[in-house]
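Notes for the one structure printed next.
The values are calculated or read from the model by the stated rules, or taken from the named source; none is laboratory data. This structure is a prediction, so every number in the text was calculated from the model and none was measured. Cβ placement follows ideal geometry from the backbone for every residue including glycine, while neighbour counts extend to all protein chains displayed.
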Amino acid sequence: MDRRSFVRRAGLVAAGSALGYSPMGCGASEIYPYIPCLSVVGPPTPVAGMTYIRASEIGCALDCNLANGLNSHGGPATDDAPRINAAMAGATAANPITLIVDGSALISGLFLPAGGYWSIAGLGCGTGFFIKAGTNNDGIHNGGPAAAVPSDPGPPAPARGSSVSLSNFAVNGNQGNGLNGDSTTGMPQGGTLTWYFGINLMNLNNITIENVVVVNSPSYHIRLSNVGNVVVSGCLLSSSGPNTDGIHFDGPANDISISNCNITAGDDGIALNCPEGHTGNISRVTVTNCTFNSYSLMRLYTISGGNPGLTYTIDTVAVTGCSGTFSLAAFLIGQSPGSAPNSVTGLVVSKCNLIAAAVLDLAASFGSLSFSDVTLTPYLPYQDIGFAFARTSSTSGWGYMGGSVSIENLVFNRNGNYPVAALILEYGSTIGQVEFNGFAVEDPPGSSYSAVPELVNIESGSIGQLVLDALTSTHIAAPVSAGGFTSVGSVSGAGVLATGWLFPDAVMANGVPYLSASTGLPSIKLGGVVEPYP
């Protein structure tokens with residue numbers, strides 16, 4: 001697995017009632033500190049042709065406390081995995097099977113039919129699974145015990161099975177120190193060939209994961225590899241520690257919907273990682289009304305440093321109505337050198353409230369990125385690396401080509417007297433167009449902070465066209481850092497003159513009113529000739 005260093009995050013985010021969770025007070029179902037349990041639900045509505053199996057009716061002991069994996073007497077609980085695996089082994093397209101989990105089970109891994117056509121439905125509060133110490137595997141996955149070894153088999157991706165549904169239960173992943181939990185390999189995450197996940201579904205279409213709680217996971221809470229038509233909704237995922245991604249996709253993957261989830265992770269909240277798993281493109285992803293406390297909201301990367309000849313694309317990703325606190329940046333674009341042009345394109349982010357050092361950390365070539373109605377508040381522990389809406393990553397030292405970044409109605413809420421910028425451009429990177437149609441730096445009422453030095457800080461690199469359609473220049477001293485206009489192809493936009501900033505004549509596009517740095521007067525270029533603007 002090609003993973004970069006991480007910042008371990010402490011703290012948990014409480015889930016709201018809108019996610020479908022009941023208050024504390026469910027006894028054994030309080031499976032992790034500060035995590036509310038699922039509301040009690042009934043069994044699934046019967047579907048014609050589906051076989052239903054209750055865990056209590058196939059001999060499962062269901063004697064496990066989901067908080068600690070022990071029975072009610074404080075002794076070892078019974079491993080119910082062998083009975084469940086045997087009962088579910090016959091699931092096929094002609095004989096789909098649903099397991100109704102009507103209690104709490106200790107499991108040494110559920111290894112269910114690789115081709116799918118099975119479901120697990122809990123009854124909410126108090127129902128679910130605790131992964132037995134020394135399992136050294138995933139909690140739930142499709143295929144035999146070795147189906148996920150290694151985790152990154154490379155191409156080609158095999159044909160996909162279909163139709164797996166998980167709902168209304170909890171998984172305690174029993175993360176330990178590498179000696180006393182699920183993993184006893186010496187590493188909390190797992191072994192050298194594979195890590196251990198709470199839920200791991202591979203080579204499947206038509207996956208539904210609804211109202212599932214995963215906590216204390218050894219590594220990723222949910223890992224989905226070579227999948228399509230995926231719906232994840234109402235889930236609560238909470239773990240800290242190395243590589244505990246919330247929902248992690250390996251390529252190829254397509255047609256993904258994630259909504260109303262609450263994700264606390266020591267790593268990326270959502271990861272779209274093309275060069276992992278069987279490797280491949282990822283497309284058509286929507287994330288709606290989710291809350292995060294993680295390293296990033298989403299990582300999007302398309303090439304691995306270990307496989308420079310393999311480059312993939314991520315396209316058509318929409319993130320709406322999300323909020324959270326992020327140790328670094330909300331969106332991490334890229335990870336390794338050598339990405340193809342437009343490797344990430346069609347990212348649209350709207351109506352989000354973010355606390356982070358940046359919204360965008362750029363380290364790969366990209367196409368079209370669009371952000372609207374976003375509020376950014378700086379995450380103070382990271383003030384030493386500079387706050388910005390977007391910035392080039394220190395891992396992008398090779399430079400990259402960017403297409404366009406559109407910013408509409410973005411508010412930067414300063415919570416201290418320190419500089420911020422809309423864009424910090426470094427490492428010889430270039431962006432074709434940066435467009436502002438509503439941007440403001442807002443300070444707390446009564447504060448007397450210094451004006452930030454510039455809107456765009458160009459330390460190394462260039463911008464083809466800077467477009468200022470609408471922008472509030474209050475609290476911003478200048479449009480571009482000193483000497484930076486030599487790295488800007490042209491400036492245009494209906495809001496240039498209203499900023500009150502001075503612009504060099506040479507950089508202005510024709511027909512755009514502006515204040516001339518040469519004369520200090522309103523001016524306009526017509527046919528390349530500077531004239532007074534009435």
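Taking only segment 449-463 into account, find how many residues are closer than 17 Å to VAL488 by Cβ and either free of Cβ contacts under 8 Å to residues at least 24 places away in the same chain or part of a loop (DSSP other than H, G, I, E, B) (or both). Outline the logic, then answer.
We begin by selecting, within segment 449-463, every residue closer than 17 Å to VAL488 by Cβ; these are 453-463.
Still in the running and either free of Cβ contacts under 8 Å to residues at least 24 places away in the same chain or part of a loop (DSSP other than H, G, I, E, B) (or both): 453-455, 459-460.
Residues that pass the stated criteria total 5.
Output the residues belonging to segment 385-429 that are in a strand (DSSP E or B) and modelled with pLDDT under 85. Step through it out loud before you land on a result.
First, the residues of segment 385-429 that are in a strand (DSSP E or B): 387-392, 401-413, 420-425, 429.
Selection gives THR392, MET401, GLY402.
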Checklist outcome for this item: How many residues of segment 125-157 are within 22 Å of ILE97 (Cβ to Cβ), small (Gly, Ala, Ser) and surrounded by fewer than 24 Cβ atoms within 10 Å (Cβ to Cβ)? The answer is 3
Item to check | Answer from GLY90, GLY59, GLY42 - the residue that is at negative phi, at pLDDT 95 or above, loosely packed, with under 15 Cβ neighbours inside 10 Å and part of a loop (DSSP other than H, G, I, E, B) | outcome: GLY90
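Yes/no matrix, rows are residues, columns are (1) surrounded by 13 or more Cβ atoms within 10 Å (Cβ to Cβ); (2) part of a loop (DSSP other than H, G, I, E, B); (3) at pLDDT 95 or above:
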site: GLU435; (1), (2), (3): yes, no, yes
site: PHE439; (1), (2), (3): yes, no, yes
site: SER447; (1), (2), (3): no, yes, no
site: GLN465; (1), (2), (3): yes, no, yes
site: ASP469; (1), (2), (3): yes, no, yes
site: THR474; (1), (2), (3): no, yes, no
site: ALA478; (1), (2), (3): yes, yes, yes
site: ILE524; (1), (2), (3): yes, no, yes
site: VAL530; (1), (2), (3): yes, no, yes
Next on the checklist: Out of everything in segment 325-348 that is over 13 Å from ALA390 (Cα atoms) and of a type in the set (A, V, I, L, M, F, W, C), what residue ends up being surrounded by the fewest Cβ atoms within 10 Å (Cβ to Cβ)?
Outcome noted: ALA340
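Condition first: over 24 Å from SER365 (Cα atoms), surrounded by 19 or more Cβ atoms within 10 Å (Cβ to Cβ) and either of a type outside the set (D, E, K, R) or within 27 Å of the chain's Cα centre (by Cα) (or both). Now tell me which residues in segment 449-463 satisfy that.
So the first thing to find is which residues in segment 449-463 are over 24 Å from SER365 (Cα atoms), and the list is 449-454.
Remaining after also requiring surrounded by 19 or more Cβ atoms within 10 Å (Cβ to Cβ): 452, 454.
VAL452, the sole residue that qualifies.
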Checklist entry - In segment 158-179, which residues are touching a strand residue (DSSP E or B) at 6+ places or on another chain (Cβ under 6 Å), surrounded by 22 or more Cβ atoms within 10 Å (Cβ to Cβ) and in a loop (DSSP other than H, G, I, E, B)? => result GLY173, ASN174
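Run down ILE314, ILE303 and say which single residue is farther than 25 Å from SER217 by Cα, in contact (Cβ under 8 Å) with a residue 40 or more places away in the chain, in contact with a Gly (Cβ under 6 Å, 6 or more places away or on another chain) and crowded, with 24+ Cβ neighbours inside 10 Å.
Answer to the check: ILE303.
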Checklist outcome for this item: Conditions (1) under 25 Å from GLY367 (Cα atoms); (2) buried (at least 16 other Cβ atoms within 10 Å of the Cβ); (3) modelled with pLDDT under 95 -> ASP443 fails only (1)
Next on the checklist: Condition first: of a type in the set (Asp, Glu), touching a Lys or Arg at 6+ places or on another chain (Cβ under 7 Å) and touching a residue at least 60 places away in the same chain (Cβ under 8 Å). Can you find one or more residues in segment 273-295 that meet it?
Outcome noted: no
